[in-house]
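K.L.:
Here it is: the structure, laid out below.
The values are calculated or read from the model by the stated rules, or taken from the named source; none is laboratory data. Quantities reported herein were computed from a predicted structural model and do not represent experimental measurements. Backbone-built Cβ (ideal geometry, glycine too); neighbour counts: all protein chains shown.
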Number of protein chains: 2
Amino acid sequence: MSQPLTVPPGTNIQLSEFDTRFISGDWTKKSATKQIKKNTAVSRDLAYQLYAENRRAVLLVLQGMDTAGKDGTIRTVVTGINPQSCQITSFKQPSHLELDHDFLWRIHNAVPRRGEIGIFNRSHYEDVLIVRVHNLIPEEEWKTRYERINEFEEMLVESKVTIVKCFLHISKKEQRERLQARLDNPKKRWKFSTGDLAERKLWDEYQAAYEDALTLCNTRQAPWHIIPSDRKWYRNMLVSSILRETLEQLNPCVPASDPGLEGIVVE
Amino acid sequence: MSQPLTVPPGTNIQLSEFDTRFISGDWTKKSATKQIKKNTAVSRDLAYQLYAENRRAVLLVLQGMDTAGKDGTIRTVVTGINPQSCQITSFKQPSHLELDHDFLWRIHNAVPRRGEIGIFNRSHYEDVLIVRVHNLIPEEEWKTRYERINEFEEMLVESKVTIVKCFLHISKKEQRERLQARLDNPKKRWKFSTGDLAERKLWDEYQAAYEDALTLCNTRQAPWHIIPSDRKWYRNMLVSSILRETLEQLNPCVPASDPGLEGIVVE
């Protein structure tokens, strides 16, 4: 049994065909936790090299239904890497100022600079998800956005920003358990809002909107990864491994030193 | 023998009176490293609470001569805290756009939001340091800035931003050794620029400018800490302890949960 993390561009993605509890090989919570530690150590060094090189950037985009674990993934995957080379942006409800601009305006402003790893907790994809499910704007306005997003991402990739998009895929049943856990645990209850229940009623509409976003924006230059996320440890291990492999492929190098500097004595 | 980290507002600060190699008590590299680990574990939990509470912020300002260790301090003190609750801003040479505004414009824009720990790698203090030493603007323009800075910081404190300012104090001899080490180590050489040597020649002018900034902006609401920084492990331990103590004093609390949420069953 196998389940790919990515599918070729053009594939019509049906989320029901992707098992949210899938585990590849004989991964266990213990071996995954160990792997995450290894990944963090490698990514930490590579992030330093990326920063020193100052030529390219990485953008990790995290999307998923409520409780899918965007915050938890960031906490596990990014903690331990020098925060000076990571920039995390959480996109919340847009401000009036942001709404007075095109939908990519606030996104563009948050793109990581050279040498940096940017992490988007939610992203421009909300503009074809929540906006569509809640009919916030007419269909003719959001339906062109898939192409606009692909063009925007292609431009970033051309500017040496490697884009890694992860959809944290959970089941409706798993979401119920996580919401209930938040309600039942007084220490976690602050995370809960009654709006979460209203959103949950729109589960099917969101899944359909995600399927379109994943299908239409799964490009060669910025493919989507579908991360089985019902098990937190497996989800974290996968994202952490993808980040590590991305950095390894970039293979950033500390810039060559100016030969004119050799032999200088500081007074 | 003792040396305070802070002095009362109004004290005329003479840097020569502060030993850059001072160590309090019987701290060793080993015990300090252990302490940093403990501090990080405590600060990690408190940063989470601060984020959940979403009512107050912390701003850690790091200043110091070249090679004093601003980057290294951030790497050691902040790595291990969830990067989602830390926002690090490195202030470099201002852009044309930034120069077309008042000197606090870009600073204000980077102030941490509620729930966040902001770290400034350099800051608005450069506008009374490098600007003064290099005569970038006339004296009558920079000499009012000390008061403007105090007013700005007071406003932030009133808005529930706790400001922690650390001056990483190294000796001229220590700087020579660190610059030489960068030159002699091909892996570190990328950090070196010949401009560093020109800046070093202005050591005395910079120390005088720092003394004025430390003296005139050492307020009750936002005092300066003078961190003996010739030994990196001691410097890191001090800043890490100050951050931990700041968070402990804030004692952030997860918000009380809405009693209306009890007993809800998710469907």
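K.L.:
Could you grab me the full set of residues in region B:17-36 that are free of Cβ contacts under 8 Å to residues at least 12 places away in the same chain and either of a type in the set (A, V, I, L, M, F, W, C) or in a helix (DSSP H, G or I) (or both)?
P.N.:
B:E17, B:K30, B:S31, B:K34
K.L.:
Something else about it: Determine whether B:A57 is buried (at least 18 other Cβ atoms within 10 Å of the Cβ), of a type in the set (A, V, I, L, M) and more than 30 Å from B:R176 (Cα to Cα).
P.N.:
Yes: the conditions hold for B:A57.
K.L.:
Got a sec? Which of A:R176, A:R200, A:R220 is within 26 Å of A:H124 (Cβ to Cβ), of a type in the set (K, R) and in a helix (DSSP H, G or I)?
P.N.:
None of the others qualify; the one that does is A:R200.
K.L.:
Listed residues A:N218, A:N251, A:N236; which is more than 26 Å from A:A47 (Cβ to Cβ) and either polar (S, T, N, Q) or surrounded by 19 or more Cβ atoms within 10 Å (Cβ to Cβ) (or both)?
P.N.:
None of the others qualify; the one that does is A:N218.
K.L.:
Run B:Q93 past the list (1) over 25 Å from A:V266 (Cβ atoms); (2) away from chain A (no Cβ under 14 Å) and report the number of the one that doesn't hold.
P.N.:
(1)
K.L.:
Taking region B:240-267 as the search range and keeping residues that are within 14 Å of chain A (Cβ to nearest Cβ) and of a type in the set (A, V, I, L, M, F, W, C), which one is nearest to B:T67 (Cα to Cα)?
P.N.:
B:L243
K.L.:
Give the number of residues within region A:153-206 that are of a type in the set (D, E, K, R) and modelled with pLDDT of 95 or more.
P.N.:
Result for region A:153-206: 16.
K.L.:
Moving on to the next point. Determine whether B:A209 is touching a Lys or Arg at 6+ places or on another chain (Cβ under 6 Å), at pLDDT 95 or above and in a helix (DSSP H, G or I).
P.N.:
Spelling it out, B:A209 is indeed touching a Lys or Arg at 6+ places or on another chain (Cβ under 6 Å), at pLDDT 95 or above and in a helix (DSSP H, G or I).
K.L.:
Give the number of residues within region B:92-104 that are surrounded by 13 or more Cβ atoms within 10 Å (Cβ to Cβ) and within 17 Å of A:N109 (Cα to Cα).
P.N.:
Of the residues in that region, 1 qualify.
K.L.:
Give the number of residues within region A:114-167 that are surrounded by fewer than 18 Cβ atoms within 10 Å (Cβ to Cβ), touching an Asp or Glu at 6+ places or on another chain (Cβ under 8 Å) and of a type in the set (G, A, S).
P.N.:
Number of matching residues: 0.
K.L.:
Still on this structure, please answer the following. Quick check on my filter: what residues within region B:47-71 are closer than 20 Å to B:R21 by Cβ and of a type in the set (K, R)?
P.N.:
Across region B:47-71, the qualifying residue is only B:K70.
K.L.:
Looking at A:P83, A:P112, which one is within 21 Å of A:C253 (Cα to Cα) and away from chain B (no Cβ under 12 Å)?
P.N.:
A:P112
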